[in-house]
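Computed from the coordinates by the stated procedures, all read-outs in this text should not be read as laboratory data. Please read these numbers as outputs of a predicted model, since none were measured by experiment. Here Cβ is always computed from backbone atoms with ideal geometry, including for glycine, and neighbour counts include all displayed protein chains.
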Amino acid sequence: MSADLEAALDARGERVRVEPDADWLAANADDVRIIVTGGQTGAPRELVEALPNLGLIAINGVGFDKVDIAHAAARGVTVTNTPGVLTDDVADLAIGLVIGLLRDFPRADAHVRSGAWTNGDLPLARKVTGRRFGIVGLGRIGSAIADRLEAFGPVAYSGRTRKPVDLPFHLDAASLAAASDVLIVAAAASAETRHLIDARVLEALGPGGVLVNVARGSVVDEDALVAAIAERRIAGAALDVFADEPNVPPVLVDSDRTMLTPHIASATVETRAAMAALVLDNIDAFLAGRPLPTPIPPP
Ligand code: 8YV
């Protein structure tokens, strides 16, 4: 959460940074009306249950997999997120990861910085233009990725339902992977999409294919990915999200066929300001008893 958002919250009430701590809750639980939290942090069920006067969980992020929406709704708690304002940044990062991985930016940068250039050139990288791209999940972010990728090569997608777009559709992620050189994960995390990218999908992607994940670590079976990278059953992976952040499996860290970023897809000055503004709009509407701008409908 940015210092600006924290300051804006302080102007509206008393802000307490809280981990679910039994002593603190015993003394203060009744006073808490609003939780403000990050997309990958969420609010545990036990915390929601311990706060009898909670009315709003405002997520500073689009992903809401770390909040049980149905449980919150049953307790009369509304949950909001920040859709739309971060779409461009996440899509831009996905393109950066595709190009960075295939053209091997991490090794190229290290080559220049280490002085190794004076001893010779790097091995050749791989061409981006002309690759076949597969997008897993053609929602708001997946569509923005598709728009950008169409400048580079053919794009197809998979998902629960066919969308009204002129792109090849695959019902099954493995079928999409088999038809792709670059598989990009943009599906929202949920019980249904947990480990959607499993050993079977990676097998279908094959030794020439690469995986890019800008969604959530839980959508990929990370053990299967680690095995596929270690055994060279896929050509590489570019990842902004991981199963147990900030912990990253050593095989992925040590590999020269991975490119890793620390969950930065929405981390720009402009987008974090827009996300904060939307969080505050939701809080202000809640406090004023007005309709909230971006509530998440209960399932
Ligand atoms: C943020 C995110 O890093 O939007 C999401 O779901 O995971 C990211 O944009 C996070 O929510 C920041 O708090």
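Give the Kirkwood hydrodynamic radius (Å, one decimal) of the chain, defined as one over the mean of 1/r across all pairs of different Cα atoms.
Values: mean 1/r = 0.0484 Å⁻¹.
Kirkwood hydrodynamic radius for the chain: 20.7 Å.
Using the Cα centre as the reference, give the magnitude of the dipole from point charges on the C-beta atoms of the chain (Lys, Arg: +1; Asp, Glu: -1; all else neutral), rounded to the nearest 20 debye. Present the calculation step by step, with values, prior to reporting the outcome.
Values: 27 positive and 39 negative charges, 201 e Å.
Its charge dipole is roughly 960 debye.
Would you list the P(r) distribution for the stretch 87-146, with all Cα-Cα distances sorted into 5 Å bins from 0 and each bin expressed as a whole %?
4, 16, 21, 18, 15, 10, 8, 5, 2, 0
Could you calculate the FRET efficiency of Ile264 with Ala288 from 1/(1 + (r/R0)^6), where r is the beta carbon distance between them and R0 is 30 Å, rounded to 0.05? Each step should come with its number before you reach the end.
On the way: r = 34 Å, r/R0 = 1.13.
Computed FRET efficiency for Ile264 and Ala288: 0.35.
222 nm [θ] for the chain, helices only, -39500 (n - 2.57) per DSSP H run of 4+, per residue, to 500? Before the final figure, lay out the partial values.
Values: 12 runs with 109 residues, N = 299.
When only DSSP H runs of four or more count, the value is -10500 deg cm²/dmol.
Estimate the FRET efficiency between Arg160 and Asp23 by the formula 1/(1 + (r/R0)^6), using the beta-carbon distance for r and 45 Å for R0, to the nearest 0.05. Numbers along the way, then the final one.
Working: r = 44 Å, r/R0 = 0.98.
With a Förster radius of 45 Å, E is 0.55.
With both partners inside the chain, how many of the DSSP beta bridges are antiparallel, as a percent to the nearest 5? Walk me through the numbers before you get to the answer.
Working: 2 of 32 bridges.
Close to 5 percent.
Which helices pass in the chain if a helix is a full DSSP H run, must span at least 15 angstrom along its long axis by Cα, and must have mean Kyte-Doolittle hydropathy not below 0.0?
Values: long enough: 87-102 (23 Å, 1.51); 269-288 (28 Å, 1.03).
The answer, listed by residue number, is 87-102, 269-288.
Explain nothing, just the number: relative contact order of the stretch 167-275, from Cα pairs under 8 Å at least 6 residues apart, as a whole percent. Walk me through the numbers on the way to the answer.
Values: 177 pairs, mean separation 24.5, N = 109.
With pairs under 8 Å counted, the relative contact order is 22 percent.
Could you compute the net charge surrounding Asp92? Neighbours are other residues with a C-beta less than 13 Å from the C-beta of Asp92; K and R count +1, D and E count -1.
Working: positive: Arg148; negative: Asp88, Asp89, Asp147, Asp240, Glu270.
Overall, the nearby charge balance is -4.
Could you tell me what fraction of 2.2 N^0.38 Å the Cα radius of gyration of the stretch 87-260 comes to, as a two-decimal ratio?
Numbers: Rg = 15.6 Å, N = 174, 2.2 N^0.38 = 15.6 Å.
Taking N as the residue count of the stretch 87-260, the ratio is 1.00.
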